[in-house]
Each structure stands twice: as structure tokens, then as C-alpha cells.
Amino acid sequence: MSVIKPSLAKGTRDFSPIEMVKRNFIYDTIKTVFKKYGYAEIQTPSFENLSTLTGKYGDEGDKLIFKILNSGDYLGKIDEHLLTTRNSQLATSKLSEKALRYDLTVPFARYVVMHQNEITLPFKRFQVQPVWRADRPQKGRYREFYQCDVDVVGSESLLNEAEFILIYNEALAKLGLTDFTIKINNRKILSGIAEIIGKPDLIIDMTVAIDKLDKIGLDGVSKELLERGFTEEDLEKLRPVILLEGTNEEKLESLKTVLALSETGLKGIAEIEQVFEYVESLITYTLPLTAKLELDITLARGLNYYTGCIFEVKTNEVAMGSIGGGGRYDDLTGMFGLKDLTGVGVSFGADRIYDVLEELNLFPTSAEVGTKVLISNFDAEAEKYALPILQQFRNAGIPAELYPSSAKLKKQMAYADAKKIPYVVLIGGDEMATGELTLKNMESGEQKKLTFLGILDLLK
């Protein structure tokens, strides 16, 4: 029998115990904040019917959906002519009726429609689960990765948008970040800008170009706009808006002048003002914002999808892309026949947040420790003596292990070192005779004699 060399599928990862503790620290911190704001967790299956997913992400997105072959004699059901055409796209519907989920949003929309008679609107949910995309793997881009989404559907209130700002602020501050920016914009403002320069049909082209301002600069944006059908006269009107500076209030006042003749644009401004007003009212009763809240007219994120406020979060402490984003969308469930149900949601980029915390050394020690204390095992008598002590540690909520078989001290210390166990309790003849155990601090090397209760107090 030949030996198979173990390997990972491209674009996937293993997570070590230490990595899992750190990842769970991120998820648990964020989930605690979600629950505090009234959001409840749901989960949806890893795979959906292919028909549920296709046609929801555009042609490019559809190509990245991982299809699952039907079980049984799937080729026997395919017309022979279809096989000879060698057209995989035509054959897919016969070969595959299911697919791995591409994101959490479309399954959420499907969930809302299927459970509309059971859920209470507004429906506030969060979801932390893996998704799969048949993308080309590269640094920072995986075929399997986790999304961390929070959404509310069935409410038009802009209080939801304001609370998402506070959720970002609180969760990221609890994770240890001290310098990050929550950027906000509104689709209606962008529509108003396209409207006043007489190019409402080119709004997507306009926003795709201005969204690149950070990367290619004003000259690059101007060149792209000209290539997309805008004139020099249009650019003269656009430049002051693209380069809008000042405080959020000053930017809004400037926009009111620019968009005075656009009803849609003015509605977008009013929505942003209402969100800022809610945030101001809410933070009166809590700590000031850690985040910088910035109105950014060049922010466009997935404009085909969003209809109102748009968010993006960036850390200023590490060179990194966005670590979160989202926005308001109308008629999310319309694709499944439930019309006119508005919603708003944001997501946390957990993988990028992990990299940021790692680079800034922000993971607390508690996020790196599994077992807190190891009890030595030198012989059968010491093992018998240690068993009730082991369980008392565990009953007190202290993760504890007994070295599973008698061994030399050096081997047991090496085990504790390898697992980064901070304390070792040594039990030999003297300890059993006196009831005072030897506690060794593995970091400092210090040893002291303590009763079990003394050790318990120290470890707590």
C-alpha cells in the first residue's frame, strides 16, 4: 500500500490550539457586544441549493461558487449530446444541485423568507461561520474563510446605523485597538452628485473611479472618469466634491450647497445628519468614541447592493485594508419573493483583525493559555494523591492537567514548556507527608511551598 503524502487543499488552513484560542477571543469579544445590542445568533447550512446562490453575485461571483457533485450516478442522467459539447456550464445544473455557501447574506435572506411566520420584525441576527470561494489563493486571500456578520431587517430606523457605529467602536476597543476610523457615506449623496452633473446613468462608473482615490490619486481618478464617458466640464464640478475637507459638519454644509437642486442628494445628507445626531445622543450616556467618525464622499463599497448609508472601518495603527464594512440595502429578500423588506448590516473582517492584533501584540495572556497548571506524576502513589487535587482545580474553573504517566522531572517540565503551561505543582514524598505542595512558576523559575488552598488563591 502506497503512502499518501499529507497536504492541504489550496486556499485552506489548519489552526493550531494557540491560534484557536486567539480566534475565539476575537469571536467571543465581538459576539458579547452583538448580544448587548439585542442581536441573536443563527446558523445556516454549509451548503445551499445551487439555485439559491446563482444569479445573486453577478457573473464573476457565480464563477467562484464551489459546486457539489450530485451523489449516485450523476453522469447517467445527462443527455449524451450535452456531454459531447464539453460545456461545463450547461452541464452544471445536471451534475450539481447543491453548492457551498459563498457568503452569509444570501443564506440569511433565504432564512428570513422561509421563517417569516416565526420571526419577529425587526429581526436582529448575527452569524459567524465559514464561507467558500473558488478564488485564486494568494497572500491574505483564502478559499475557505470566516465571515462575522450582523444585520437587522424590517426596520427603516437610522438608529440601527448609529448602533452599528457604536458596535464597531465598542468591539474594536475591547479588542485593544486605540486608533481606528469608521468611515460613513450614503448612496443617495453619490446619486445626487451624479444627478447634478447630468450623468445619473453613469453613477456606477463615477463611484468605481472615485473609490480608488487613495490608490491612484486625483490624476488617476480624473483619467479614469474621462475614459468612462465624463467630460472636463463634469470633472470641474466633481473635483471640489471629491476633495471635500474639513469637519463632518463643514463637509455636510458644503454638500448642501452643491446638492441644493438634488432632492435625492439632500435626503442622503439628512440621513447622515440623523445618524450623527443619534450617535451624539447615545454616547452622552457612555464613554466617548474611541473611533474617529469620518464622512468620506469617496467611499462607495458595492454600490450595486447598498441603497443608503455605507460603512468602512480601517485601523490607523497597521498598514491594512478595511477591517469591516457594510451598509443599508432595500429589498434584500425580494430575490426570494418577499418584497420591500429593508435592512442594514455590517461585518467584521476577523482574519484581518487577527493579523492586526498579532502585529500590535494585543492578544492578552489569557488568550494564549490553555492549561493553567500541570500536576507532576512521579509514581503510582503520587498519582493517586494528585487525582482529587486535579479535580478540585477543575471544579474551581482552573484548567488543569495531571501528567498522564510517571516520568522523570525533565520530561514533565519539557511538556509544560512546550504547551506554555505557566505553573507546575510538584508532588513528591515530602509534599504528601506535610500537605504543602511545591508550586513552580515556569516563567520566573521561582518555587514556593503552599497548601492546596494557597495555590488555589494564587491561581485565581
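Quick rundown of the values:
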item: Near pairs, Cβ below 6 angstrom, 6+ apart or cross-chain, from region 349-364 (among the aromatic types (Phe, Trp, Tyr)) to any residue that is open to solvent by less than 50 Å² (accessible area, probe 1.4 Å); result: Phe363/Lys22; Phe363/Leu357
item: Verdict on Thr290 being touching a helix residue (DSSP H, G or I) at 6+ places or on another chain (Cβ under 9 Å) and either in a helix (DSSP H, G or I) or open to solvent by less than 20 Å² (accessible area, probe 1.4 Å) (or both); result: no
item: Subset of region 349-367 [of a type in the set (D, E, K, R) and open to solvent by less than 70 Å² (accessible area, probe 1.4 Å)]; result: Asp351
item: Test: residue in region 114-134 that is over 28 Å from Leu172 (Cα atoms) and in a helix (DSSP H, G or I); result: yes
item: Residues within region 308-321 that are outside any strand (DSSP E or B) and modelled with pLDDT of 90 or more, tallied; result: 4
item: Number of positions in region 1-34 that are not in a loop (DSSP other than H, G, I, E, B) and not hydrophobic (A, V, I, L, M, F, W, C); result: 10
item: Any hit, region 431-440, residues being of a type in the set (Gly, Ala, Ser), at pLDDT below 95 and either in a loop (DSSP other than H, G, I, E, B) or in contact with a Ser or Thr (Cβ under 7 Å, 6 or more places away or on another chain) (or both); result: yes
item: Any hit, region 125-145, residues being among the β-branched types (Val, Ile, Thr), touching a residue at least 24 places away in the same chain (Cβ under 8 Å) and open to solvent by 10 Å² or more (accessible area, probe 1.4 Å); result: yes
item: Among residues of region 251-287, those that are open to solvent by less than 100 Å² (accessible area, probe 1.4 Å) and either more than 25 Å from Asp214 (Cβ to Cβ) or of a type in the set (Asp, Glu) (or both), counted; result: 15
item: Filter pass, Leu390 being over 17 Å from Met432 (Cβ atoms), of a type in the set (A, V, I, L, M, F, W, C) and either assigned to a helix (DSSP H, G or I) or more than 32 Å from the chain's Cα centre (by Cα) (or both); result: no
item: Residue check, Ile204 surrounded by fewer than 23 Cβ atoms within 10 Å (Cβ to Cβ), β-branched (Val, Ile, Thr), in contact with a Phe, Trp or Tyr (Cβ under 7 Å, 6 or more places away or on another chain) and in a helix (DSSP H, G or I); result: no
item: Some residue of region 151-165 being open to solvent by 50 Å² or more (accessible area, probe 1.4 Å) and on the phi > 0 side of the Ramachandran plot; result: no
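The values are calculated or read from the model by the stated rules, or taken from the named source; none is laboratory data. Just so it is clear, the structure is predicted and the values come from calculations on it, not from any experiment. When we count neighbours, we look across all protein chains shown, and the Cβ atoms used for this are built from the backbone with ideal geometry, even at glycine. Quick note on the areas: whole protein, heavy atoms, side chains included, nothing else; ligands and nucleic acids left out. Shrake-Rupley method; radii C 1.70, N 1.55, O 1.52, S 1.80 Å.
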